[in-house]
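J.: Structure incoming, see below.
FYI, it's all coordinate maths here, none of it is from the lab. Since this is a predicted model, take the numbers as computed values, not measurements. Heads up, the Cβs are rebuilt from the backbone with ideal geometry, glycines too, and the neighbour counts pull from every protein chain shown.
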Amino acid sequence: MTNNDVLKKLRVALSLKDFEILEILKLVEFEMSPSELSALFRKDDHPNYKECGDQVLRKFLNGLIIKMRGPRPEKKSYVKPNKPDTKA
């Protein structure tokens with residue numbers, strides 16, 4: 001199964017429109033034009049077909065996580081308390 005197939009199946013399963021996919025990609029600061037996106041959904045024998053790279057799929061999945069769960073909370077720094085010296 002190719003990255004294009006994964007992207008197509010997620011689009012159908014989540015009932016996403018092209019503009020929604022572009023918005024999801026913008027959540028992770030990844031810009032793509034509508035024509036570039038449509039090239040990913042074409043059949044592989046079409047002259048304007050474009051292979052979906054790992055980076056595009058990774059960015060889409062990270063954007064999807066942000067859309068569904070919200071942004072990642074900032075990590076709070078934890079300072080370990082000092083143990084008193086028990087040696088006499």
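J.: With runs of 4+ DSSP H residues as the only contributors, calculate the mean residue ellipticity of the chain at 222 nm using -39,500 (n - 2.57) per run, divided by the residue total and rounded to the nearest 500.
T.: Working: 4 runs with 44 residues, N = 88.
Computed mean residue ellipticity for the chain: -15000 deg cm²/dmol.
J.: Treating the angle as unsigned and between 0 and 90°, give the value, to the nearest 10°, between the Cα long axis of helix 18-27 and the longest Cα principal axis of the chain.
T.: So the inclination is approximately 30 degrees.
J.: Using a cut-off of under 18 Å, list every residue of region 12-52 whose amide N is near the label point 7 Å from the Cα of residue 72 along the Cα-to-beta-carbon line.
T.: The answer is 24-30.
J.: Sticking with this structure for a sec: Given the chain, report the % of alpha carbon pairs whose separation exceeds 19 Å.
T.: When every Cα pair of the chain is considered, 49 percent fall beyond 19 Å.
J.: To continue, here is another question. Expressed as an acute angle from 0 to 90° and rounded to the nearest 10, what is the orientation of the C-alpha long axis of helix 54-69 relative to the principal long axis of the chain?
T.: Value to nearest ten degrees: 60.
J.: Could you give the length gained by full extension between residue 15 and residue 80, i.e. 0.36 nm per residue of separation minus their alpha carbon distance, to one decimal place?
T.: Going from the current span to full extension adds 18.7 nm.
J.: Nearest 10 degrees, 0 to 90: what angle lies between the long axis of helix 3-13 and the longest principal axis of the chain (Cα atoms)?
T.: 90 degrees
J.: Could you tally up the Lys pairs in region 1-61 with alpha carbons closer than 14 Å? Skip any pair fewer than 8 positions apart unless they're on separate chains.
T.: Details: 8/17; 8/43; 8/50; 9/17; 9/43; 26/59.
Total qualifying Lys-Lys pairs in region 1-61 comes to 6.
J.: Are there GluC sites (Glu not before Pro) in region 15-47 that DSSP puts in a loop and that have at most 13 other Cβ atoms within 10 Å, and which ones? Could you put the intermediate results ahead of the total?
T.: Working: sites: 20, 23, 29, 31, 36; in loops: 29, 31.
Loop-located and lightly packed - 29, 31.
J.: To continue, here is another question. List the extent of the Cα atoms of region 19-59 along each of their three principal axes, largest first, rounded to whole Å.
T.: Sorted largest first, the three principal extents are 31, 20, 12 Å.
J.: I've got another one for you. Restricting attention to the chain, which chymotrypsin sites (Phe, Trp or Tyr not before Pro) occupy a DSSP loop and are surrounded by at most 11 other Cβ atoms within 10 Å?
T.: Values: sites: 19, 30, 41, 49, 60, 78; in loops: 30, 41, 49, 78.
Loop-located and lightly packed - 78.
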